[in-house]
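Step one of this worksheet: look at the structure below.
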Amino acid sequence: MQPSAKSHSRLLVAAPVAVVCIALAVGGLPRLSAHAAVVKQTAALSVPTVAVVVPTKAPNQQSLVLPGDVEAFQEANIYARTSGYLGRWLTDIGTHVHQGQLLAEIQSPEVDAELAQARADAATASANFDIARVTASRWEDMLKNNAVSRQSSEENVSAMKAKQAMLGAAQANVERLRQLQSFEKVYAPFDGVVTVRNVDVGALVDAGNGGTPAALFRLAETDKLRVFVNVPQDEATDVTIGSRATLTLPQFPGRTFAGSVARTSGAIDPASRTLRTEVDMDNTDGAVPPGAYAQVELALTSPGAALSLPANTLLFRPTGVQVATVDSKGQVQLVPVTLGRDFGTRVEIRTGLRGDERVVVDPGDAIGNGQAVSINTHPADAT
């Protein structure tokens, strides 16, 4: 009976010890596992995971949309060169006219009377010149026979030349008044549309002889239009003569009009830092009115083959724009770059990259040179 009692006492002592061991195992193992997980996670977070992209070649052609002002190919105010009263007008606004077509007639009796007087003066001067010419010829003949003095002969020759000069002046005055009389008829200087008529029959027409002249008509050539756009300085070098342009107007939804770059100013405007560019477009059907507003899409061609990156790879630092690249050792290298054209979600990189770099996407502000990173092999999952 004594051995059994001893065994029972040992069992009573071992049971609490076993209970304590089991409790330690149940409570300690999860803590050890959690500690190991924390250590592992801390080690993983010390090396951040980043997504990278490789630069791609930027497109040579780019579409640039700018506002444009539509103007007539030619536009001019038609003034009178002769003062008087408007006798009649033959064209009203909206009338299509041809070059040389009669627009209006001015009544100017004063000019007509002056022309008649000038013609009479020219006839008198012609008669006086004829008499002086005959007289001078006779005196020269008598001088050959020593019948008259040389001085008298030369005086008559000089008088003949003076009469000839007076005749020339009278004829010039006749021609001046004849031209002035021809201005009583107002003609169209080119093909176009009459956009303004400022006079009616009986209105006083002042050619500016004593007052401020007023335009009789305004004529615009609308078969062909000029559209002016201001190209920003960054894209000015890509504008080439003859490149394609597409125009859209708000009153014609879904319709486009074709044009081409005809000329540029050749200089940057110092006030706006833009290049004045003219686009010519055919408007034979007269659909687009001069003075309208249009959106002009220019097809720009860049001669250089630059690279491009997503816009979310750029770092804007006080020293300039940079990108974070990952080298072969898995370390970050900050590279300064020069930006070019803006494609919206992508940006042209003109200098700083070769094209084979691994560039970090969405780099943090705290990223720095020499920082160790790991590259995410599933960028789609990371996104």
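The values are calculated or read from the model by the stated rules, or taken from the named source; none is laboratory data. Here the structure is a predicted model, which means the values were calculated and not measured. Cβ sites come from the backbone with ideal geometry, for glycine too, and all protein chains shown count toward neighbours.
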query: Within region 191-214, is even one residue assigned to a strand (DSSP E or B), of a type in the set (D, E, K, R) and surrounded by 15 or more Cβ atoms within 10 Å (Cβ to Cβ)?
result: yes
message: It is to be established whether one or more residues within region 285-293 are in contact with a Ser or Thr (Cβ under 7 Å, 6 or more places away or on another chain) and in contact (Cβ under 8 Å) with a residue 40 or more places away in the chain.
response: yes
field: Which listed residue is outside the structural domain of GLU235 (by TED's automatic domain parsing), closer than 21 Å to LEU64 by Cα and surrounded by 14 or more Cβ atoms within 10 Å (Cβ to Cβ), from GLY352, GLY344, GLY340
entry: GLY340
query: Among the residues of region 297-305, is any at pLDDT 90 or above and surrounded by 12 or more Cβ atoms within 10 Å (Cβ to Cβ)?
result: yes
message: Please return the ranges of strands (runs of 3 or more DSSP E) entirely within region 51-117 where 2 or more residues are within 22 Å of ALA220 (Cα to Cα) and touching a Lys or Arg at 6+ places or on another chain (Cβ under 7 Å).
response: 61-78, 102-107
task: Can you tell me which residue within region 145-181, out of those that are acidic (Asp, Glu) and more than 53 Å from the chain's Cα centre (by Cα), is modelled with the lowest pLDDT?
output: GLU154
message: With the requirement that a residue be surrounded by 14 or more Cβ atoms within 10 Å (Cβ to Cβ) and in a strand (DSSP E or B), what does region 247-264 give you?
response: LEU247, THR248, PHE257, GLY259, SER260, VAL261, ALA262, THR264
- request: Go through (1) touching a His at 6+ places or on another chain (Cβ under 6 Å); (2) at pLDDT 95 or above; (3) of a type outside the set (D, E, K, R) one by one and return the number of the condition VAL229 breaks.
  value: (1)
query: Out of curiosity, is GLY320 under 30 Å from ALA236 (Cβ atoms), surrounded by fewer than 18 Cβ atoms within 10 Å (Cβ to Cβ) and under 37 Å from the mean Cα position of the chain (by Cα)?
result: yes
- prompt: Of ARG273, ARG244, which residue is modelled with pLDDT under 95 and farther than 14 Å from SER63 by Cα?
  reply: ARG273
task: Please indicate, with yes or no, whether at least one residue in region 85-97 is modelled with pLDDT of 90 or more, farther than 30 Å from ARG226 by Cβ and crowded, with 18+ Cβ neighbours inside 10 Å.
output: yes
- request: Could you check, for region 267-282, whether at least one of its residues is in contact (Cβ under 8 Å) with a residue 24 or more places away in the chain, assigned by TED's automatic domain parsing to the domain that holds GLY340, in contact with an Asp or Glu (Cβ under 7 Å, 6 or more places away or on another chain) and part of a strand (DSSP E or B)?
  value: no
